[in-house]
Amino acid sequence: EAQVTQNPRYLITVTGKKLTVTCSQNMNHEYMSWYRQDPGLGLRQIYYSMNVEVTDKGDVPEGYKVSRKEKRNFPLILESPSPNQTSLYFCASSLFRQRAYEQYFGPGTRLTVT
Amino acid sequence: GENVEQHPSTLSVQEGDSAVIKCTYSDSASNYFPWYKQELGKGPQLIIDIRSNVGEKKDQRIAVTLNKTAKHFSLHITETQPEDSAVYFCAASRIDSSASKIIFGSGTRLSIRP
């Protein structure tokens, strides 16, 4: 089954404690991205990757890091989480960047930073 | 900067009635307008789309309309059913462009009253 998986689905952590949210897709997609969803703001792109070892900032990259060492995985790293990073996070993938509108979204990770 | 405005933020309709969600975009170069449905606990899923060379598109009970001159596009759901309850996002994009980027609206929470 074609899918994007994220782990964990729920995470409560404290300010400053490094965390990683994993994302994996099984569709051999080149393009992957991370979004955060906040009430009244819709989906905002954090980082994206057009292929292995190619990553770039989206609209709200501050406080986040990513890596793309393998085509299928695109982890999101919060080196020193802060309460304003409390949000719902989605990983997504599509065949190419130009087909980003056909992105498959993961189920989401709800992160709370206290 | 580029943005997409979406209204209303919440919408409650009686089962069987119609629902309309409206969006306005700012980037006149946008030529592709997807709509996503996000069910509880899941990621957004593409449900219908429209390109700038088309004024209307239908798929069973859902339809989208586009007014390029006014930079407006809308989602129409007829004969609403309980399973239509979800959050809906509009988006604007430049299809097949190396610089393509999706800008999402802020979302509409649609509730269908039995």
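By how many nm would the segment from A:Thr13 to A:Ser82 lengthen if fully extended, with 0.36 nm per residue of separation less the alpha-carbon distance?
Extra length from A:Thr13 to A:Ser82 when fully extended: 23.9 nm.
For chain A, give the share of DSSP beta bridges that are antiparallel, in percent and rounded to the nearest 5; count only bridges with both residues there.
Just about 90 percent of them are antiparallel.
Tell me which of B:Gln81, B:Gln38, B:Ala91 sits at the most positive position along the dipole axis of chain B, charges placed on C-beta atoms (Lys, Arg +1; Asp, Glu -1).
B:Ala91
When Lys and Arg each count +1 and Asp and Glu each count -1, what net charge do the other residues less than 11 Å away from B:Ile103, Cβ to Cβ, add up to?
-1
Mind checking the mean number of beta-carbon atoms from other chains within 10 Å of the Cβ atoms in B:38-46?
5
Pull out the extension gain between B:Asn53 and B:Glu15, defined as 0.36 nm times the separation in residues minus the alpha carbon to alpha carbon distance; nm, one decimal.
Contour length minus the Cα-Cα distance gives 10.4 nm.
Quantify, in whole percent, the carbon and sulfur part of the accessible surface of the protein assembly as shown (1.4 Å probe; protein heavy atoms only).
The computed percentage sits at 47.
Tell me, what is the per residue accessible area of chain B in Å², probe radius 1.4 Å? Don't skip to the answer; put the middle values down first.
Details: 5690 Å² over 114 residues.
With all protein chains present, chain B gives 50 Å² per residue.
Past the 18 angstrom mark, what percentage of all C-alpha to C-alpha distances in segment B:1-86 do you count?
Numbers: 1632 of 3655 pairs.
Pairs farther apart than 18 Å: 45 percent.
Over its Cα atoms, what ratio of radius of gyration to 2.2 N^0.38 Å does chain A give?
That ratio works out to 0.98.
I need the Debye-formula profile for the protein assembly as shown: one equal scatterer per C-alpha, no solvent, reported as log10 I(q)/I(0) at q = 0.07, 0.08, 0.13 1/Å, two decimals.
Results for the protein assembly as shown at q = 0.07, 0.08, 0.13 Å⁻¹ read -0.22, -0.29, -0.76.
Among A:Thr109, A:Trp34, A:Gly16, whose Cα sits farthest toward the positive end of the charge dipole of chain A (+1 at Cβ of Lys/Arg, -1 at Cβ of Asp/Glu, about the Cα centre)?
Result: A:Gly16.
Sum up the lysine pairs in the protein assembly as shown that clear both bars: alpha-carbon distance under 20 Å and a spacing of 8 or more or different chains.
Taking the protein assembly as shown as the scope, the lysine pair count is 23.
Please give the per residue accessible area of segment A:1-48, computed with a probe of 1.4 Å over protein heavy atoms only, in Å².
Normalised by residue count, the accessible surface of segment A:1-48 is 50 Å².
The values are calculated or read from the model by the stated rules, or taken from the named source; none is laboratory data. On a predicted model such as this, the values are computed, not experimentally measured, just so you know. We place every Cβ from the backbone using ideal geometry, glycine too, and count neighbours over all the protein chains shown. Areas reflect the complete protein model, heavy atoms only, side chains present, ligands, DNA and RNA absent. Shrake-Rupley method; radii C 1.70, N 1.55, O 1.52, S 1.80 Å.
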